[in-house]
Each structure stands twice: as structure tokens, then as C-alpha cells.
Amino acid sequence: MAHQASAIAIVGGGIGGLTAALSLLHAGFDVHVYEQMKDLREVGAGIQISPNASRILHRLGLAGKLAAMGVRPLAWHQRRWDDGRTLLHTPLGETVEAVFGFPHVQVHRADLLNALRDSFPAERLHLGHRFAGCTDRGDHVELSFENGARITSDAFVGADGIHSAVRRALFGDASPRFTGCVAYRGLVPAARLAHLRLPVESQVWMGPGKHFVHYYVQNQALVNFVAIVDQDDWARESWIEPADVAQALAAFEGWHPQVRAILGAVDETFVWGLFDRSPMAQWSVGRSTLLGDSCHAMLPFMAQGAAQAIEDGATLAACLAKGSPQDIPGALRRYESLRLPRASRVQTASRENKTRFHLPDGPQQQERDAQMASGSTDWSFKAVQWLHGHDAGIVEEGA
Ligand SMILES: Cc1cc2nc3c(=O)[nH]c(=O)nc-3n(C[C@H](O)[C@H](O)[C@H](O)COP(=O)(O)OP(=O)(O)OC[C@H]3O[C@@H](n4cnc5c(N)ncnc54)[C@H](O)[C@@H]3O)c2cc1C
């Protein structure tokens, strides 16, 4: 088939870029990834892979690796910050698989990135290539890199994360917005927390101006935590920095002993300024498009940033495969029309959860808790059906 000869260049070898590359390779395209780093590295932190994303990773042949490296939590458990009262308890484990057809898996980010990289031909991954510029010549795109390399391609995908240089090149400058939240993240050896007898659950503790998430990764050898705190500004130059554990502990003064015990066992933590962007009007120009955080960076409060990037790759590959090789801009427009409204909805829901999760105790918090108790919001199956039940690989008209 003619489209099989189309060459696709992806800038950015993160979770989004590599998933898209694998999806395109499986669809028969001549795909190459250009990554700025000399070695692929990921921060030491966990990530939740919900069924809408695990469905795609399974389809790409990663089911075995995902099972070997990941932890399948038995439940999603939202709790009150001080007394630990259950606000919502959704069974996951085999139940989520029965409902959505695919598992919910918790993994170490580096493990996921390694699994993607190991599945992708090394000669197609070009490390040490920092994007410098692009020119659309009508029938092809030219790309240049800071190391002096120049290439041409039939289509070009920017998957270079929240500070995307490709987005700037295509759509001009627009800085990401500081969301008024910082996140302390880290990993604790599970053996150190054995006395807490933590269940194999993804637990989300919600309280005034903060929330705290923890879950196991790496075959339950490590407990991943994310401690989110409202903060007025982010004055640091870098968006992620080593942080003082005592500072994180002080922010959670008065919280449930389980939360404090996890933080108290931490050796090393990093603090992230959390940035997002407002939904864009457009992702594609001619033969170029964006995916992942470069076009829909979001707060992690739906645990969907990477999942949406993974969905992007599946839809992009399906649109290019179904489209005419003579009309790549048309296929990219179709991709954008399917993905942009959905990713924007998740961005908005993630932003709303900042307010919702961090309500001070009072009437609004009581109303939220009553909604959660009714089982129709947050991570109840009913509330996430639209999100976790979606198959991003289906792109037929009317899908
Ligand atoms: C605290 C926190 C918790 C999170 N938890 C979850 C979760 O549980 N579930 C979930 O789905 N998501 C989660 N996310 C979101 C998720 O991490 C991101 O949405 C996801 O990593 C985006 O993937 P990406 O490939 O688009 O970008 P990135 O992972 O940022 O990758 C971009 C790649 O592009 C490269 N690059 C950048 N600039 C250039 C350039 N000029 N030239 C060449 N290469 C370049 C970078 O080196 C990098 O490798 C969380 C985020 C945070 C901050």
C-alpha cells in the first residue's frame, strides 16, 4: 500500500512520542523519533495506566511487559484527610477488566519508557537530536536539529512535552500557566512501610488546600507518593527541584497518621511546579501536528496526562493509515478533530478537580462527599465510562 512508504518524523521520545512511533510502525509507516537527550531517562516516579491506555499498550504487544513490571491495584480508594473515612471505594483488579476489558496498572515511569524503547527498533531512535526548526514545503516537511542534522519527512509530529519547541515553531509563543499547585513526589521502599500494612490500592486523601496520593509500583517493592499542595507562585527557574522532606511533612501537619508515616519514611523528594495549558483551538498545520503534553498539558488530577498522550498515538496512526497518502494534511485534520475535543474535556476536568479535591471543610465539601457516596462521580465506573471505556484506535466516521 502506498501509505506504507510515508515517512513520519516524531520529535520527542517520551511516553507519548514512543507510543505514537510504535503505533505508526505497526501500521506500516517509516517512522523515526528524534530525542534531545543522549540517553532516554525518566524521573523516579510512578504513573497510573488506566484501561483506555492499557488497551493500546496491549495492542502494541506490551501486555506481558506491563504485567511483569506493573502492579494491578485492587481498588481506587478516596479518603478524608484527617480521620481516613472512605469517600469512594471503586473495585479495580479483575472487576475493572471485566467492565472495560483491560486492566488498570501502576508502573514506574522509567519501566514504561524502557518497555516502549525496547519494543522500538534502535536504528529508528535518534538520540542527541534537539529540534531547531521546521519548514513545510507543501509536499514534504524539512526539519533541522541543533546538532546540525537536517531531514525531510512526509509528516511531522511534535511530541516534545509541556515546554514544546515544536508548538512554539508552529503556533508562536505561549507559556504554560502555573496552576497554583506544587507536587512533592518520590518513592519509598515498601519494606520500610510494612508496619502500615498498606492495601494494594490507589489511595487519594483529600483535604483543605491539598491532597495526597500513594500506590505500589515495581511488584510492590516501592510505594510511589505524590503530595499536592496549593501554593501561590513558583519562583524557581527549573520546574522540578530536589526538595526538603521536612517541608513536605510540615505541609501535611495534622493529616492522618498513614499519610504522615509515608512522608516520614521518605529519603529523597522532588518538588514540581504544576503547569498546564488552556485547550488549543488547533493542533495541526499542513503536514505537521502535535501530541501529548505539547498540545494538552494538564494537571495530573485525573491521572490522564500520559494516558491521553498514548491515546493520541493510536488515533494518529489509525487516521494516517485510513487516510490517503496523497492527503496527509487531511489525515492530520481528522486526527485533530477526534482528539482535540476529548483531550480538552480531560484538561478541563483535571483543572476542576483542583478545586474539588482541595475544598476546605464546610458545606461544599459535605456536598462533594455526598455526591461521592452516591457512586456517580470521581472514579466510580459510571463517572469514568466515557474516559476509561474509550477505544482511541477506532477512527471510522461516526466513532
Ligand atoms: C505529579 C504528576 C503525576 C502524574 N501522574 C500521571 C498518571 O498517574 N497518569 C498519567 O497518565 N499521567 C500522569 N502524569 C502526566 C504525564 O506525566 C505526562 O502527561 C506525560 O509524561 C506526557 O508525555 P509526553 O510524551 O507528551 O511528554 P514528555 O513525557 O514530557 O516527553 C517529552 C520528550 O520530548 C523531549 N524533548 C523536549 N524538547 C525537545 C526538543 N526541543 N527536541 C527533541 N526532543 C525534545 C524530552 O526530552 C522528552 O523525552 C503526571 C504528571 C505529573 C507532573
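The values are calculated or read from the model by the stated rules, or taken from the named source; none is laboratory data. All figures in this text were calculated on a predicted structure; none of them were measured in a lab. Reconstructed Cβ throughout: ideal geometry from the backbone, glycine too, with neighbour counts over all protein chains shown. Ligands, DNA and RNA are stripped out before the accessible areas are found, and what is left, the full protein with its side chains, is counted by its heavy atoms. Shrake-Rupley method; radii C 1.70, N 1.55, O 1.52, S 1.80 Å.
Determine whether the stretch 200-207 contains at least one residue that is in a loop (DSSP other than H, G, I, E, B) and closer than 25 Å to E268 by Cα. Break it down stepwise before answering.
At the first step, the residues of the stretch 200-207 found to be in a loop (DSSP other than H, G, I, E, B) are 200.
Remaining after also requiring closer than 25 Å to E268 by Cα: 200.
Yes.
Within the stretch 32-51, is even one residue open to solvent by less than 50 Å² (accessible area, probe 1.4 Å), out of contact with any Ser or Thr (no Cβ under 7 Å at 6 or more places or on another chain) and away from the ligand (no atom under 16 Å from the Cβ)? No.
Which is surrounded by 24 or more Cβ atoms within 10 Å (Cβ to Cβ) and over 25 Å from R168 (Cβ atoms), of A309, A331, A314? Of the residues listed, the single one that is surrounded by 24 or more Cβ atoms within 10 Å (Cβ to Cβ) and over 25 Å from R168 (Cβ atoms) is A314.
When A194 is tested against the conditions (1) open to solvent by 40 Å² or more (accessible area, probe 1.4 Å); (2) assigned to a strand (DSSP E or B), the lone failure is (2).
Look at the stretch 241-270: where a residue is under 13 Å from F212 (Cβ atoms), no partner that is among the polar types (S, T, N, Q) and part of a loop (DSSP other than H, G, I, E, B) sits 6+ places away or on another chain with Cβ atoms under 8 Å.
Name the residues in the stretch 258-274 that are open to solvent by 40 Å² or more (accessible area, probe 1.4 Å) and not basic (K, R), would you? Working first, answer last.
Filtering the stretch 258-274 for residues open to solvent by 40 Å² or more (accessible area, probe 1.4 Å) gives 260, 264, 267-268, 270.
Selection gives G264, D267, E268, F270.
Selection within the stretch 139-162: residues that are out of contact with any His (no Cβ under 9 Å at 6 or more places or on another chain) and free of Cβ contacts under 8 Å to residues at least 40 places away in the same chain. The member of this set that is least open to solvent (accessible area, probe 1.4 Å) is S144.
Figure legend. Inter-residue proximity from the stretch 101-112: first residues open to solvent by 30 Å² or more (accessible area, probe 1.4 Å), second residues part of a loop (DSSP other than H, G, I, E, B), beta-carbon distance below 6 Å, spacing 6+ or different chains. Indicated pairs: R109/E42; R109/A45. What tally of residues in the stretch 110-139 results from selecting those that are more than 14 Å from the ligand (Cβ to nearest atom) and not β-branched (V, I, T)? Residues meeting the conditions: 11.
May I ask you to list the residues in the stretch 265-300 that are part of a loop (DSSP other than H, G, I, E, B) and near the ligand (Cβ under 9 Å from one of its atoms)? Let's see the steps before the verdict.
Step one: of the stretch 265-300, the residues part of a loop (DSSP other than H, G, I, E, B) are 265-268, 277-284, 286-287, 291-292, 297-299.
Passing the criteria: L291, G292, A297, M298, L299.
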